[in-house]
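Rule-based calculations on the coordinates, nothing more; no lab input. Given the structure is predicted, the values throughout are model-derived calculations rather than measurements. For neighbour counting, all protein chains shown are included, and Cβ atoms are generated from backbone atoms with ideal geometry for every residue, glycine included.
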Amino acid sequence: QVQLVESGGGLVQPGGSLRLSCKTSGIIFNVYALGWYRQAPGQQRELVARLSADGITIIGDSVKDRTTISRDDLRNTGYLQMNNLKPEDTGVYYCNTQLLGKLDYWGQGTQVTVSS
C-alpha cells in the first residue's frame, strides 16, 4: 500500500514557524518528486514548494522568502519549513509525490491555522 502521512500542522501565531513532515511508505521515495500544496477555504489548491528527485526546487511566489523544502531519502520523508507565518498561510497542506506524471499520490493533509 502507498501511504503519505503529513504531520506537524496546528495552530500558530502570526510570525511563528512550522515544520511539516511527510512520511511515505509503499513507494521508492528517492525516485519521486516531492511537492507540498495547500488549499485555503474558498480557494484553489496552490503549489507551495516542489523538490524533484534530481534536486530541482520550485518555491511558490507567495512563500518564496520564508519557505524551505527538503527531503531525507534514507527515511522516505519530506519536509516543509515555513517561517514568519501569516494569516493568509492558513489552509490544509498536502504532501504529494509524483513519478514522471504516471504515478501521483497524495496525503490526507494537515491543517495549518495562523491566527492570534
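Mind grabbing the base-10 log of I(q)/I(0) for the chain at q = 0.15, 0.16, 0.20, 0.23 Å⁻¹? Debye formula, identical points on the C-alpha positions, no solvent, two decimal places.
-0.59, -0.67, -1.03, -1.33
How are the alpha carbon pair distances in the range 1-66 distributed across 10 Å bins from zero to the largest one, expressed in percent?
16, 46, 32, 6
Any idea how far the Cα center of the range 78-112 sits from the one of the range 1-62, in Å?
About 3 Å separates the Cα centre of the range 78-112 from the one of the range 1-62.
Ratio of the range 59-116's C-alpha Rg to 2.2 N^0.38 Å, to two decimals?
Relative to the 2.2 N^0.38 Å estimate, the range 59-116 comes out at 1.28.
Ranked highest first by the average count of other Cβ atoms within 10 Å around their residues, in what order do 59-68, 92-101 fall?
The packing order, highest mean first, is 92-101, 59-68.
Calculate, in nm to one decimal, what residue 39 and residue 115 gain on full extension: separation in residues at 0.36 nm each, minus their alpha carbon distance.
Extra length available between residue 39 and residue 115 comes to 25.7 nm.
Among DSSP beta bridges whose residues both lie in the chain, state the antiparallel percentage, nearest 5.
Of the beta bridges lying entirely in the chain, close to 95 percent run antiparallel.
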